[in-house]
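Chemist: After the structure tokens below, expect a handful of questions from me.
The values are calculated or read from the model by the stated rules, or taken from the named source; none is laboratory data. In this text, all values refer to a predicted model and were calculated from it rather than measured experimentally. Here the Cβ positions follow ideal geometry from the backbone for every residue, glycine too, while neighbour counts run over all protein chains shown. What goes into the accessible areas is simple: the full protein's heavy atoms, side chains included, and nothing from ligands, DNA or RNA. Shrake-Rupley method; radii C 1.70, N 1.55, O 1.52, S 1.80 Å.
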Amino acid sequence: MLHDTAETSTADHLAWPFAGHIIQGLDQDDLCMAAYEIFFTSCRSSPGFGGRTTLSFHSNSMDSHDHHGQGSPKKGSGVGMAPTSRIKRALGLKMLKRSLSSRRTNSCGSSPGSPRGSPRERDGSGSPVLFHSLSQSRQKRPLTSAEIMRQQMRVTEASDNRLRKTLLRTLVGQVGRRAETIILPLELLRHLKPAEFNNQVEYHVWQKRQLKLLEAGLLQYPSIPIEKTNEFAVRLRETINSCEEKPLDTGKNSEPMKALVNTIVALAWRSPDGSATDVCHWADGYPLNIQLYTALLHSIFDLKDNTSVLDEVDELLELIKKTWSTLGINRSIHNLCFTWVLFEQYIETGQVEGDLLGASLAMLAEVANDAKRVDREPIYVKMLSQALSSMKKWCDKRLMDYHANFNRENIELMESILPIVFSATRILEEDVPGYNSPSHQKDEDTSSEFSGNRVDLYIRSSLRYAFTRMLDDGNVDVNVVEVEEVGKALLHIAQATEELATMEKENYSHVLKKWHPIPAGVGAVTLHTCYGTLLRQYLSDSSSLTNETLEVLQRAGKLEKVLIQMVVEDSVESEDGGKTIVREMEPFEVDSIIMKSVKHWVEERLGVGKELLQRARETETWNPKSKHEPYSQSVAELVKHSKIDLDEFFEIPIPMPEEVVNDIAEGLEHAFQEYTTFASSCGSKQSYIPTLPPLTRSNRDSKFFTLWKKAAPSCTVSVDNSINAASTEEYHPRPSTSRGTQRMYIRLNTLHYLLSQLHMFDKALTLSPKIVPSLNNRFNNRSHQLGNSYFEETRAAIQSAIQHVSEVAAYRLIFLDSNSVFYGSVYVHDIENARIKPALKVLKQNLTLLGAIVIERIQPLAIKEVMRACFEAYLMVLLAGGGSRVFTRQEHPMIEEDFDSLKKVFSTVGEGLIAEEVVDKESETVDGVVGLMGQSTEQLVEDFGIVSTEINGTGAVGAGQKLPIPPTTGRWGRSDPNTILRVLCHRNDQAANNFLKKTFQLSKRR
């Protein structure tokens, strides 16, 4: 069967497998006519196909009145009523009862049910010609093979006569010329003139068909690839295009015709390697050759009963095989095409003749043998994959919903389709490289036996479809809002499901049993799953146990017993007695209802907790709840809500499986972690650290310091006066802690409070006597894996958050709140008159306020972070103080004294909140930098050269040698070249100035 559009497939969507089922410019009739012409040419030496006597018998008058063609020799070898057919016997096809002779001489035309459509003949020109009944007086005789084929292909006698004349003229003096050396369309063009057609239009249509056939065979689908730029290919396209409007002049002396002949001969007589060849290639390219060959194979079906194969199939196939050399067909391709044609005919004729399926299966055995051959051609492997994949896809579609496609009356067709799909799939998997069977992907966890896996899939899929249709037919809406209506519907569905299970067992399981050990068991499990899905959806919407719910459960229990009994009965002979398949059935238990209700309740309560979190994000101001409760209101509400939830949870009067306990524990942990993330979202310390100023050389003669010296006397007096005026404030300094920093302290208290409550929740979840171990190991209590706590991750997250908030609060306090008395004023312009003492007094007040706000348990951590921030600020004063700070070596004792005073503040704060050894350890970096400030400039330059050499791998720094400025790593210390460079930049002497100028070209301060 040929296909005339890209979307065309059989009535049941059997896709045409071979590429290019649309041959541009050629329709089905054109291809059938071309196939017949090739067939006739290939068989011309056979009885009934040629000879002077036969051709001379034809006449114009007979052409128009005689359908059967009296030009065939009356005494030629006819095809009589074959008593038997070897092929039909091998394929399991029945012999026809009617005499071929009487059928062929007393009737003509095709059955209205013929797959080729209306009762019209093909005359080769594209114009349909109606059949004419035979004269009643015609003498009855057996038809020759040529007459049978012409009748089967619906070729008119006029077309047949023209073909015979062409061959007679072509083969004058070349009686032994082989068919594969004849370029038939070219010979037809050369020898047939317009006068031999009814009119010029008919001739033009016929000529365009011949040219389109040449275009398809030589240009579109050549057996030997050809480039589009090939000289002869370009000429042929131009000739074909030029003939669209008017016919080509094919006269004997026509130059266009001579050029066309030369072009076609050059293209058809090519060989793959350019060597000489004795075969022309014009119709053996894929898929054109397959289109033509399958058109010939379709001729074996009876025109009056297209579900039947002619008894003369043996003779016809033997004659059709003579086209192999012209079409490039071999036995393997023939077997594959024949298999496809038989299978396609079964579908095209309404899927009523099971013998055609049996014949397809028999031919698949031949295909399987061919597929094992080691000399397979790539094109055959491609065709094999395409044809069998299409057959398998069609079979799969039918079997995936076999309840809709088969019933008690036609169940034998299902028995025939099953072995076909298994045979096709086995060939594809074993003999087609790179083929991935979907069964391996979908059923990889089932038995390794292929057929069992595939049938398992068919059963499950078809029953799901049947179950869905049952819901639709019963007008059951599974999305009904009213729980009562759903409950009533479930009662009816349970009854219908039981009936469907019975029908599956009685109608289908005995067929599937040949291919699967427990088909009824699989069907029962599938229906159990389908009904269970609806039941669980109903239970999830039911907030409490009602009488209706109990009735639904009782009916579900009855259905479950029926389905389990099906599994047991079907599994008697299986190895494990059906235990494996039974495990797939999730029981309909009352306890499951309660558990669902409990889980639903847990979800609702946890949802309220999420609402509390959202409200906290929107309204929390981080003020203490009360004087005695120095944490936020929101954390108090969260902890209270969680405690109530847990108390009510364990008041439910049933044992609580670990899986449900895990659910509520995980929900609480998620809420606590979300709140922890919210409470610790206060920025980072980096946002408070000032940007480092650019490095410059110290310059006491800069404009700034010159102005400072001139104003020094008056400034000094004013400073003294201001100090005297504020003498009272020196003894009673005020803390500089801002409201924002104090709110961070409340965040610390809040996080600590939440941390302190985790033990209470852990104790309730771990020690409750109502918790029972879960039967499913997947739900084992996490405490078995993580120790004795459900909240290890939350505890670690809170501790990390406390550390982070303490750090950010400390840097905010020092770099923002205390900037004016610390980084902004210490050692500015003059060390002696800008020492650290005022800053220390404010710092002590700030620490006192911290101790008053932050709860005692986390004061050591908070103060330690303040100490680290102070030490970093002091480092920045010494190393990144900008243009307002310069130091001399002689000022080192004052700097060292000031830093000792700073350390003393932290070692003496509170009652041993920070151990002295901790202070010493944290101050090691600053001590090292202070030590550098006591070294001579020469020593600093030498140390700089050493560490630069060690880090960069360069030689010693020579006099005047230019070096790149070492990068600022942020890890300041004695061995960091950037740190030493910064000490030199702030050193107020000529030696440092000269070194920086010659080595780094640093500019002076202004």
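Chemist: Which residue out of 659, 674, 648, 629 is within 47 Å of the chain's Cα centre (by Cα) and modelled with pLDDT of 90 or more?
Modeler: 674
Chemist: Can I ask one more? Can you find a residue in the stretch 613-628 that is open to solvent by less than 40 Å² (accessible area, probe 1.4 Å), touching a Pro at 6+ places or on another chain (Cβ under 9 Å) and over 13 Å from residue 671 (Cβ atoms)?
Modeler: Within the stretch 613-628 (the criterion being open to solvent by less than 40 Å² (accessible area, probe 1.4 Å), touching a Pro at 6+ places or on another chain (Cβ under 9 Å) and over 13 Å from residue 671 (Cβ atoms)), the answer is no, since none of the residues qualifies.
Chemist: What pairs can you find where one residue is in the stretch 985-1006 and under 14 Å from residue 694 (Cα atoms) and open to solvent by less than 20 Å² (accessible area, probe 1.4 Å), the other is at pLDDT 85 or above and β-branched (Val, Ile, Thr), and their Cβ atoms are less than 6 Å apart, with a gap of 6+ or different chains?
Modeler: 986/886
Chemist: Further question: Filter the stretch 942-970 down to the residues that are of a type in the set (D, E, K, R) and at pLDDT 85 or above, then identify the one that is least open to solvent (accessible area, probe 1.4 Å).
Modeler: 943
Chemist: Hey, another quick one. May I ask you to list the residues in the stretch 397-410 that are in a helix (DSSP H, G or I) and open to solvent by 20 Å² or more (accessible area, probe 1.4 Å)?
Modeler: Selection gives 397, 398, 403, 404, 405.
Chemist: Every residue in the stretch 255-281 that is outside any helix (DSSP H, G or I), open to solvent by 10 Å² or more (accessible area, probe 1.4 Å) and of a type outside the set (Asp, Glu), please.
Modeler: 269, 270, 271, 272, 274, 275, 276, 277, 279, 281, listed by residue number.
Chemist: Conditions first: (1) surrounded by fewer than 18 Cβ atoms within 10 Å (Cβ to Cβ); (2) in contact with a His (Cβ under 7 Å, 6 or more places away or on another chain). Residue 244 passes all but one, so which condition is the exception?
Modeler: Exception for residue 244: condition (2).
Chemist: Out of curiosity, is residue 238 closer than 27 Å to residue 19 by Cα and either open to solvent by less than 10 Å² (accessible area, probe 1.4 Å) or not β-branched (Val, Ile, Thr) (or both)?
Modeler: In short, yes.
Chemist: Do we find a residue being within 26 Å of residue 28 (Cβ to Cβ), open to solvent by 10 Å² or more (accessible area, probe 1.4 Å) and part of a helix (DSSP H, G or I) anywhere in the stretch 181-188?
Modeler: Within the stretch 181-188 (the criterion being within 26 Å of residue 28 (Cβ to Cβ), open to solvent by 10 Å² or more (accessible area, probe 1.4 Å) and part of a helix (DSSP H, G or I)), the answer is yes, since at least one residue qualifies.
Chemist: Being among the hydrophobic types (A, V, I, L, M, F, W, C) and closer than 14 Å to residue 736 by Cα is the filter here; which residues of the stretch 814-855 pass it?
Modeler: 814, 815, 816, 821, 822, 839, 840, 842, 843, 847, 849, 850 - these are the residues of the stretch 814-855 that are among the hydrophobic types (A, V, I, L, M, F, W, C) and closer than 14 Å to residue 736 by Cα.
Chemist: Taking residue 308 and the conditions (1) hydroxyl-bearing (Ser, Thr, Tyr); (2) in contact with a helix residue (DSSP H, G or I) (Cβ under 8 Å, 6 or more places away or on another chain); (3) farther than 30 Å from residue 457 by Cα; (4) crowded, with 20+ Cβ neighbours inside 10 Å, which numbered condition does it fall short on, given that it satisfies the others?
Modeler: Tallying (1) hydroxyl-bearing (Ser, Thr, Tyr); (2) in contact with a helix residue (DSSP H, G or I) (Cβ under 8 Å, 6 or more places away or on another chain); (3) farther than 30 Å from residue 457 by Cα; (4) crowded, with 20+ Cβ neighbours inside 10 Å, residue 308 fails exactly one: (2).
Chemist: Any residue at all in the stretch 325-334 that is aliphatic (A, V, I, L, M), assigned to a helix (DSSP H, G or I) and surrounded by fewer than 20 Cβ atoms within 10 Å (Cβ to Cβ)?
Modeler: no
Chemist: Condition first: β-branched (Val, Ile, Thr) and closer than 15 Å to residue 186 by Cβ. Now tell me which residues in the stretch 222-268 satisfy that.
Modeler: 239, 240, 250, 261, 263, 264, 265
Chemist: If the requirement is being open to solvent by less than 10 Å² (accessible area, probe 1.4 Å), modelled with pLDDT of 90 or more and within 29 Å of residue 734 (Cβ to Cβ), which of these qualifies: 878, 932, 861?
Modeler: The unique qualifying residue is 878.
Chemist: Considering 524, 496, 489, which residue is in contact with a helix residue (DSSP H, G or I) (Cβ under 9 Å, 6 or more places away or on another chain), assigned to a helix (DSSP H, G or I), under 20 Å from residue 470 (Cβ atoms) and free of Cβ contacts under 8 Å to residues at least 24 places away in the same chain?
Modeler: Of the residues listed, the single one that is in contact with a helix residue (DSSP H, G or I) (Cβ under 9 Å, 6 or more places away or on another chain), assigned to a helix (DSSP H, G or I), under 20 Å from residue 470 (Cβ atoms) and free of Cβ contacts under 8 Å to residues at least 24 places away in the same chain is 489.
Chemist: Considering the stretch 220-245 alone, what residues qualify as being under 22 Å from residue 29 (Cα atoms) and touching a residue at least 40 places away in the same chain (Cβ under 8 Å)?
Modeler: Result: 220, 221, 222.
Chemist: Restricted to the stretch 971-984, and to residues that are touching a Ser or Thr at 6+ places or on another chain (Cβ under 8 Å) and not in a helix (DSSP H, G or I), which residue is surrounded by the fewest Cβ atoms within 10 Å (Cβ to Cβ)?
Modeler: Among those that are touching a Ser or Thr at 6+ places or on another chain (Cβ under 8 Å) and not in a helix (DSSP H, G or I), it is 973.
Chemist: State whether the residues of the stretch 199-208 include one that is open to solvent by 10 Å² or more (accessible area, probe 1.4 Å), modelled with pLDDT of 90 or more and aliphatic (A, V, I, L, M).
Modeler: Taking every residue of the stretch 199-208 in turn, at least one turns out to be open to solvent by 10 Å² or more (accessible area, probe 1.4 Å), modelled with pLDDT of 90 or more and aliphatic (A, V, I, L, M).
Chemist: Six or more apart or on different chains, Cβ atoms under 8 Å: show the pairs whose first residue is in the stretch 832-856 and over 19 Å from residue 891 (Cα atoms) and whose second is open to solvent by 20 Å² or more (accessible area, probe 1.4 Å) and among the acidic types (Asp, Glu).
Modeler: Correct list of pairs: 841/730; 846/817.
Chemist: Next up: Which of the numbered conditions does residue 369 fail, given that it passes all the others? Conditions: (1) part of a helix (DSSP H, G or I); (2) of a type in the set (S, T, N, Q); (3) crowded, with 18+ Cβ neighbours inside 10 Å.
Modeler: It is condition (3) that residue 369 fails.
Chemist: What single numbered condition from (1) open to solvent by 20 Å² or more (accessible area, probe 1.4 Å); (2) at pLDDT 90 or above; (3) within 34 Å of the chain's Cα centre (by Cα) fails to hold for residue 434?
Modeler: Status for residue 434: all satisfied but (2).
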